[in-house]
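The values are calculated or read from the model by the stated rules, or taken from the named source; none is laboratory data. Bear in mind the structure is a predicted one, so any value in this text is a computation, not a measurement. Methodologically, a virtual Cβ is constructed for each residue, glycine included, from the backbone with ideal geometry; neighbour enumeration extends over all protein chains shown. To get the accessible areas, we keep the full protein, side chains included, count just its heavy atoms, and leave off ligands, DNA and RNA. Shrake-Rupley method; radii C 1.70, N 1.55, O 1.52, S 1.80 Å.
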Amino acid sequence: MARVNENFLKLNGGYLFPEVARRTKAWSEKNKGVEILRLGIGNTTEALTPSIADAMKHKVDLLKSRDTYTGYGDEQGDTALRVALSKFYKSEYGVDLSDSEFFVSDGAKSDAANIQDVFSRDSIVAVQDPAYPVYVDSNVVGGRTQGFDPEASNYRGLVYMRADESNGFVAEPPKQHVDLMYLCFPNNPTGAVATKDQLKAFVDYALREKAIIIYDAAYCDYIRHEGIPRTIYEVEGAKECAIEINSFSKNAGFTGVRLGWSVVPAGLESENAPKGTIHSIWNRRQCTFFNGASNIAQAGGLQALSPEGRKECRSLVDYYLGNASIIREGFSKAGLKCFGGTDSPYIWTKCPNGMKSWDFFDYILDKAHVVVTPGSGFGSAGEGFVRVSAYNHRENVEAAVRSIVENLNG
Ligand SMILES: *Cc1c(COP(=O)(O)O)cnc(C)c1O
């Protein structure tokens, strides 16, 4: 008889977003006709930009003719796009990476889940708490944890690096030895960014402990403060210890188009294989398990990296940052303590009067008809916070903020 992978049974249910939907629907049914204002989702809402959309349209036209039709491309991604990424890291960040160190994918989330395949089953894994759930869940499925401990609200066997108010929501490297560390800056859900010194502490730790950092930079284009690194490779030594995962989802609005990339440097070190092995294992994995990203999406990605595309992406990100600033200001006016939202589309809001995340979720849904995301859903350190998202049309953000200011004050 077939047996399922029992690691899947360890997963602490897809609880967060289904529960948000359930409570929102229940409230809606009791309050018919009342408009609900949504600041919960991390999904883009604005149109694709003109030149990027046209580049994809043009690619479709090429596919319509037998003379210019192409089928499967390289599993690692189109050469033109990998070369453009390599040039982009050089011109934008001053970082030297060869095009062969870039692997184009259908998005950062799948790469974030798949990358653990490269590493030994008995690796010790550290994640920030709170965290984007895929880092934790992929390692639970990969067999690197024991069961979920409902009392502590975390998985046994995983190392949690706490990010809270006391450290400005930037965790410190673990005190003990770990083999893999997941970092995400600007952070989802807290909106925190890490300084170069803070990232250097992780790079130094990784070099000393021979650990690998998996760095999710999906929101790097939201960084507007000078001096905050937009790639981990701005930190010296990172090419020996860090894999970077990135995406066109949040800067070009490709959440539905689907395109991302990972940087897997040839210089990464591991305990049981020489330099180059991690790169070649990932290459082997992609060639066998993946048939490449959509060629239409890749045409869009190439345009997104051009000067014209960059300008368009910048104004798209500006729009969401404008929303974030409206949220931050309004929520603060309503007496709520806010973090993030300046180099990030997320505003990490402290629940007032020691309220718990779900209680505050219910409270603002009831009082202001606004839906947010309970921070506790991202890990136990998220308890007592909610994540407010800037992904919505401006008029909806303004309506939600107005409602918060009018209904929550006093
Ligand atoms: C949205 C998001 C991504 C992007 O995922 P895609 O699969 O590329 O759409 C990656 N990491 C984090 C933390 C995100 O919030």
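Data for the structure
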{"item": "Dipole of the stretch 52-306, positive end: most advanced residue of TYR233, SER65, ILE278 [Cβ charges, Cα centre]", "result": "SER65"}
{"item": "Added length on full extension, which subtracts the Cα-Cα distance from 0.36 nm per residue, SER28 to ARG394", "result": "129.5 nm"}
{"item": "Axial C-alpha extent at least 18 Å, average Kyte-Doolittle at least -1.0 - helices from the chain (DSSP)", "result": "16-30, 50-63, 79-93, 196-209, 307-333, 394-408"}
{"item": "Lysine pair count for the stretch 221-376 [Cα-Cα under 23 Å; pairs on different chains or 8 or more apart]", "result": "10"}
{"item": "Kirkwood-Stokes translational diffusion coefficient of the stretch 221-342, alpha-carbon pairs, 10 °C, 1.306 mPa s, µm²/s", "result": "92 µm²/s"}
{"item": "Protection-proxy order for peptides 380-391, 190-201, 222-233, 283-294, each taking the mean of Cβ atoms within 10 Å per residue, highest first", "result": "380-391, 190-201, 222-233, 283-294"}
{"item": "Portion, in percent, of the accessible area of the chain that falls on carbon or sulfur, probe 1.4 Å", "result": "50 percent"}
{"item": "Solvent exposure of the chain as accessible area per residue, Å², 1.4 Å probe", "result": "44 Å²"}
{"item": "Label point 7 Å beyond Cα of ASP359 along Cβ direction - residues of the stretch 374-410 with amide nitrogen under 19 Å", "result": "374-387, 408-410"}
{"item": "Segment SER315-ASP366, extension gain: residue separation times 0.36 nm, minus the distance between their alpha carbons", "result": "14.9 nm"}
{"item": "Listed residues ASN31, ASN272, ASN43, most fluctuating in the chain (Gaussian network, C-alpha, under 10 Å)", "result": "ASN272"}
{"item": "Distance from the stretch 316-369 to the stretch 4-55 (C-alpha centre basis), Å", "result": "17 Å"}
{"item": "Choice from ASN12, ASN392, ASN323 showing the highest fluctuation, given a GNM over the chain with Cα pairs closer than 10 Å", "result": "ASN12"}
{"item": "Förster radius 22 Å - calculated FRET efficiency between GLU92 and ALA47, Cβ distance, rounded to 0.05", "result": "0.35"}
{"item": "Inter-label distance, nm, simple model (7 Å from Cα along the C-beta direction), LEU62/ALA273", "result": "3.3 nm"}
{"item": "Diffusion coefficient, µm² s⁻¹, Stokes-Einstein with Kirkwood Rh over alpha-carbon pairs of the chain at 25 °C and 0.890 mPa s", "result": "111 µm²/s"}
